[in-house]
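The structure appears below as structure tokens.
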Amino acid sequence: MDYIISEGRLVKLIDNYITQKFGELTKRDSSHVMATEGDFELVDKDGNVMFEFIDHNLGVSQPLFKTIGDLFNKTFMETENIFVRWFEKKFPGELILAAYCSVSF
């Protein structure tokens, strides 16, 4: 059976999943070697980097990226778009040029 989920509901579902699985994410300055002022990362309660925002690009942890893609049976590109929408909802003032699966714990 197929279900239709609105974009807003999908973003809320992903936010709830991330919070339940990893706890509230904490924003901190990026520790990446290529980071500049304004770049940051979102870490879980154990200090693992789940997202990194560097030069208007959003890196997503591999396990999270794969889980969401598999859960919703989405292609790589569709999964990238899911995370872009989620991020834009959380940080409406930040412009994202691209999202990718690269952050690993």
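Derivation of every value follows stated rules applied to the coordinates shown; laboratory data play no part. Bear in mind that the values here come from a model prediction, so they are computed numbers and not experimental data. Because the Cβ atoms are built from the backbone with ideal geometry, glycine has one as well, and the counts that use them run over all protein chains shown.
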Lys/Arg Cβ at +1, Asp/Glu Cβ at -1, dipole of the chain taken about the Cα centre: which of V11, F83, S61 is farthest positive-ward?
V11
Could you tell me the relative contact order of the chain? Use alpha-carbon pairs under 8 Å, at least six residues apart, and round to a whole percent.
24
For the chain, with a Gaussian network of springs between Cα atoms less than 10 Å apart, report the residue from M77, M34, M50 with the top mean-square fluctuation.
M34
Counting each pair of different Cα atoms once, what's the Kirkwood radius of the chain in Å, rounded to one decimal?
14.0
Would you mind checking K12/K89; K27/K74; K12/K90 for any pair whose Cα atoms are more than 20 angstrom apart?
K27/K74
Only Cα pairs within less than 10 Å get springs; with that Gaussian network setup on the chain, which residue of L25, L64, L95 has the largest fluctuation?
L95
Roughly what % of DSSP beta bridges within the chain run antiparallel, to the nearest 5?
70
List the DSSP H helices in the chain whose Cα atoms stretch 30 Å or more along the helix axis and whose mean Kyte-Doolittle hydropathy is at least -1.0.
none
Counting each DSSP H run of 4 or more residues in the chain as -39500 (n - 2.57), what helix-only mean residue ellipticity at 222 nm follows after dividing by all residues, to the nearest 500 deg cm²/dmol?
-12500 deg cm²/dmol
